[in-house]
Amino acid sequence: MPERTQTGPSDVSRVLVSTDQIQHRVGDLARQISKDYEKAEKLLLVGILRGAFIFLADLTRKISVPHAVDFMAVSSYGKGASHGEVRILMDLREPVEGQHILIVEDIVDSGQTLEYLYRQLQTRQPASLRTCVMVRKKRPSLKVPIDYLGFEIPDVWVVGYGLDYADHYRTLPYIAELKGVGSAK
Ligand code: IMP
Ligand code: MG
């Protein structure tokens, strides 16, 4: 059973992105997004549950242009394989047609989840479609653009700032490597 402390569980091996780095970077991303969508009507941030909820909560409060927030929940099967499958568990409430959509995701690993979501939302005729990702594992190819990226990290299992391991560690204020857990691949 992992420790319940918010600050330093013993099975977290090294902090990869500190609380300060996260807060600064989220501020930078929010400023850039606010600038880019200055003239856009109907900006909708689409947070991907569950991992993105903390990132989204910080981002939405720092974006200075009017926008709405909605959520989707997805689950992945057979991760990392070409037969991997993504399924929508919870969809958006409103149609996205004509809206400027910004997908907000916690982490991109193989890219399978983001690629699936991107394709799904693209078929619904948004006015524009972009992606904002907190952390990305270093991988050679990704079929969708990441328009706003927080950090690139090594290919290890990370937790904190919304990211979990079996639903633990989400509330750590930093992003850290978890001991003894390889990446999903
Ligand atoms: P992908 O489809 O392989 O890009 O995986 C994306 C999803 O897997 C993310 O949205 C996370 O939910 C989960 N995931 C991948 N790597 C990690 C990690 O290191 N920590 C926590 N969750 C992860
Ligand atoms: Mg996710």
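Any chance segment 151-158 includes a residue that's among the aliphatic types (A, V, I, L, M), touching a residue at least 60 places away in the same chain (Cβ under 8 Å) and surrounded by 19 or more Cβ atoms within 10 Å (Cβ to Cβ)? The answer is yes; a qualifying residue exists. Cβ-Cβ contacts under 8 Å between residues 6 or more apart (or on different chains), taken from a first residue in segment 123-134 that is on the phi > 0 side of the Ramachandran plot to a second residue that is of a type outside the set (D, E, K, R), are listed as Q125/V96; Q125/G98. Those strands (runs of 3 or more DSSP E) of segment 127-185 in which 1 or more residues are more than 16 Å from ligand 2 (Cβ to nearest atom) and among the hydrophobic types (A, V, I, L, M, F, W, C) occupy 128-137, 175-178. Open to solvent by 10 Å² or more (accessible area, probe 1.4 Å), under 17 Å from M72 (Cβ atoms) and modelled with pLDDT of 95 or more: does that describe R170? So R170 fails the test.
If the condition is being open to solvent by 30 Å² or more (accessible area, probe 1.4 Å) and modelled with pLDDT of 95 or more, then segment 66-87 contributes P66, H67, A68, V69, F71. Screening segment 94-118 for residues that are hydroxyl-bearing (S, T, Y) and closer than 22 Å to E177 by Cβ and picking the one that is farthest from ligand 2 (Cβ to nearest atom) gives S110. Checked against (1) more than 10 Å from ligand 2 (Cβ to nearest atom); (2) at pLDDT 95 or above; (3) under 19 Å from V158 (Cα atoms), I48 passes all but condition (1). Among the candidates D11, D91, the residue that is in contact (Cβ under 8 Å) with a residue 12 or more places away in the chain and either within 16 Å of ligand 2 (Cβ to nearest atom) or surrounded by 18 or more Cβ atoms within 10 Å (Cβ to Cβ) (or both) is uniquely D91. Of the residues making up segment 27-65, just one is small (G, A, S), open to solvent by 30 Å² or more (accessible area, probe 1.4 Å) and within 22 Å of P173 (Cα to Cα), namely A57.
The values are calculated or read from the model by the stated rules, or taken from the named source; none is laboratory data. This is a predicted model, so every value here is computed, not measured. Using ideal geometry, Cβ is built from the backbone for each residue, glycine included, and neighbour counts are taken over all protein chains shown. In case anyone asks, the SASA skips ligands and DNA or RNA and just uses the protein heavy atoms, side chains included. Shrake-Rupley method; radii C 1.70, N 1.55, O 1.52, S 1.80 Å.
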